[in-house]
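The values are calculated or read from the model by the stated rules, or taken from the named source; none is laboratory data. These numbers were taken from a predicted model, which means no experiment stands behind them. As a convention, Cβ positions derive from the backbone with ideal geometry for all residues, glycine included, and neighbour counts pool all protein chains shown.
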Amino acid sequence: MSAAAAPNIDWNTNLFIGGRMVAGAGAPLTVTNPATGQDIATFDQASPAQVDDAISAAKTAFESGVWSDGETRRDILLRLADLLEEHREEFGAAIIEEVGTPANLIAPLQLGVPLAALRYYADMATLDHTRQLAPDTQPGAPSESLVRQVPAGVVAAITAYNYPILMLGLKIAPALASGCTVVVLPSPQTPLSTLLFAKLLAKAGVPDGVVNIIVGGVDVGTALSEHPDIDKISFTGSVPVGSAVMQQAAKTITGVVLELGGKSATIVLPDADLSTALAPIHLRYLRNAGQGCASPTRILVQRDQLDDFIARSQAFFPTVKTGDPRDIHTICGPLISEDHLLRVEGYVERAVAAGAHIVAGGGRPDLPHGWYMNPTLITGVNNSDEICREELFGPVGVVMPFDTIEEAISITNDSHLGLAAAIFGPLDHALETAEKLRVGSVYINGGGATRMDAPMGGFKQSGIGREYGIEALREYLEPQHIQWSIA
């Protein structure tokens, strides 16, 4: 392994299988800092045999009963949370290095959410979900029944690159609280912070095999998704990859939880106050350089307000700092790779060639290195255009006018995706509008801080199942009916 020096980070490049740190035996992988273009580390991924080893370790741990006690699960989840908090400076630095996330997102999202998840689901680890049914007194066959909720078994947890520890927490916390064991596969673009978490697993006393972490690309992901000893797959990523995971899981009739893409809309109601709404509208989709599944990049403004909205946006965009993610004032850090930067720029170029206009921002900042793109606001498009249909995963918003609220609702719902939406305006009007949207989450006037007790997931091609809340725990439980005769 070779690694460039990084402040306060003791990188781990070993896999974690059966409670042991193990060097990969597969193809080499290089992880690059997107802010500098410099390589952070090069190491070997998992081999096919190591994928089998990780799944076998998880299955053995599950069947042994070592993870069946709720009190043990609760105590270890709380210990993991305490350890993550104790090492938050190191994990924050690691995420900035490999993801390029601006420093101001570390506390509230990148680490704050997984910390909350570990503690929230720790409290659920000891719950008994069994329910006794009323006696059935049918003549000739009287009986009694109970319904248990039992852990699904071995879970494959496959995470995306943009929020690696957040997604790790959202997947393993409910899975572990339910009594499942886990094999984690982080994105090969940002695996290092997840491998760093393996050190905490060992310190927290997680029994051998209960959590395993492997690294790899498409071949490793396919081997994991198609393996007959995987009982549930939880995947976060793009719609095409989610579709492939679903097809692979179908070979063994394995259940899936899919948190996929979004093309979320913001509806600016005619009676909204633009002086207070403008900054939250833009900052919501620009954070993390637009690399967020629920980013509301389709902005719908009443036609009479459009010119005012654009003028205010033109004044606001120069205040949005793009650059070094270590700077606490930075809003837009780098995109994850040069290929992804070129992909996002391609969408913008094709839109402009077709008649769209960049009315604020645009282009690349004058920086000596890294894969940066300036915040970009586009008009002159309609909802059928490519840039309004496809998820860009970049700092690009489009503004479209509407004449009536019914038209704004129709545009919002006219998408193959349905993850989230935002509404700005008086609460009563916004609530009435929210009820007509075909999306999994609606945020009014900025919403609020992340709630661990409220489910998140999408309609249509934005996914299957839910994360957060009791709904996430239920994804990893299977109902079992037990019936006995009382004749």
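If you go through the range 444-467, how many residues are in contact (Cβ under 8 Å) with a residue 24 or more places away in the chain and assigned to a strand (DSSP E or B)?
Summing the residues that are in contact (Cβ under 8 Å) with a residue 24 or more places away in the chain and assigned to a strand (DSSP E or B) in the range 444-467 gives 6.
Evaluate the following for ILE470: is it of a type in the set (A, V, I, L, M), in a helix (DSSP H, G or I) and either surrounded by fewer than 20 Cβ atoms within 10 Å (Cβ to Cβ) or not assigned by TED's automatic domain parsing to the domain that holds ALA294 (or both)?
Spelling it out, ILE470 is indeed of a type in the set (A, V, I, L, M), in a helix (DSSP H, G or I) and either surrounded by fewer than 20 Cβ atoms within 10 Å (Cβ to Cβ) or not assigned by TED's automatic domain parsing to the domain that holds ALA294 (or both).
For every residue, the table says whether it meets (1) in the same structural domain as ALA157 (by TED's automatic domain parsing); (2) surrounded by fewer than 22 Cβ atoms within 10 Å (Cβ to Cβ); (3) without any contact (Cβ under 8 Å) to a residue 40 or more places away in the chain; (4) more than 27 Å from TYR120 (Cα to Cα).
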| site | (1), (2), (3), (4) |
| --- | --- |
| GLN45 | yes, yes, no, yes |
| ALA49 | yes, yes, yes, yes |
| GLY65 | yes, yes, yes, no |
| PHE91 | yes, no, no, no |
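PRO114 fails exactly one of the following numbered conditions: (1) farther than 23 Å from TYR372 by Cβ; (2) surrounded by fewer than 23 Cβ atoms within 10 Å (Cβ to Cβ). What is the number of that condition?
Here PRO114 clears every test but (2).
Of these, LEU192, LEU185, LEU166, which one is of a type in the set (A, V, I, L, M), more than 20 Å from ALA116 (Cα to Cα) and under 15 Å from the mean Cα position of the chain (by Cα)?
When all the criteria are applied, what remains is LEU185.
Would you confirm whether or not the range 138-156 contains a residue that is within 24 Å of PRO28 (Cβ to Cβ) and crowded, with 17+ Cβ neighbours inside 10 Å?
Yes, the range 138-156 has at least one match.
So, GLY355, is that one in a loop (DSSP other than H, G, I, E, B), on the phi > 0 side of the Ramachandran plot and over 29 Å from the mean Cα position of the chain (by Cα) or not?
Yes: the conditions hold for GLY355.
Kindly indicate whether any position in the range 10-18 is under 26 Å from the mean Cα position of the chain (by Cα), modelled with pLDDT under 95, loosely packed, with under 14 Cβ neighbours inside 10 Å and outside any helix (DSSP H, G or I).
yes
For the range 334-346, give me the residue count where each residue is in a helix (DSSP H, G or I) and surrounded by 20 or more Cβ atoms within 10 Å (Cβ to Cβ).
3
Could you identify the single residue in LYS436, LYS460 that is more than 18 Å from the chain's Cα centre (by Cα) and among the charged types (D, E, K, R)?
LYS436
Can you confirm whether ALA420 is more than 19 Å from the chain's Cα centre (by Cα) and either under 21 Å from ALA277 (Cβ atoms) or assigned by TED's automatic domain parsing to the domain that holds LEU335 (or both)?
no
Take the conditions out of contact with any Lys or Arg (no Cβ under 8 Å at 6 or more places or on another chain) and of a type in the set (A, V, I, L, M, F, W, C) and apply them to VAL257. Does it pass?
no
Considering the range 255-268 alone, what residues qualify as being crowded, with 22+ Cβ neighbours inside 10 Å and of a type outside the set (Lys, Arg)?
Those that are crowded, with 22+ Cβ neighbours inside 10 Å and of a type outside the set (Lys, Arg): VAL257, LEU258, GLU259, LEU260, GLY261, GLY262, SER264, ALA265, THR266, ILE267, VAL268.
For the range 280-333, how many residues meet the condition of being touching a residue at least 60 places away in the same chain (Cβ under 8 Å), in a helix (DSSP H, G or I) and hydroxyl-bearing (Ser, Thr, Tyr)?
The total comes to 2.
From the list GLY397, GLY425, which residue is in contact with an Asp or Glu (Cβ under 6 Å, 6 or more places away or on another chain), at pLDDT 95 or above, farther than 27 Å from TYR121 by Cβ and surrounded by 15 or more Cβ atoms within 10 Å (Cβ to Cβ)?
GLY425
Going by the structure shown, is GLU86 without any contact (Cβ under 8 Å) to a residue 24 or more places away in the chain, closer than 30 Å to ILE336 by Cβ, surrounded by fewer than 18 Cβ atoms within 10 Å (Cβ to Cβ) and of a type outside the set (A, V, I, L, M, F, W, C)?
Judged against the criteria, GLU86 is a match.
Out of LEU224, LEU201, LEU176, which single residue is surrounded by fewer than 24 Cβ atoms within 10 Å (Cβ to Cβ), more than 19 Å from SER337 (Cβ to Cβ) and either in contact (Cβ under 8 Å) with a residue 12 or more places away in the chain or among the aromatic types (Phe, Trp, Tyr) (or both)?
Just one listed residue meets the conditions, LEU201.
Regarding the range 311-323, can at least one residue be identified that is of a type in the set (S, T, N, Q), surrounded by fewer than 16 Cβ atoms within 10 Å (Cβ to Cβ) and either more than 22 Å from THR412 (Cβ to Cβ) or in contact with an Asp or Glu (Cβ under 6 Å, 6 or more places away or on another chain) (or both)?
yes
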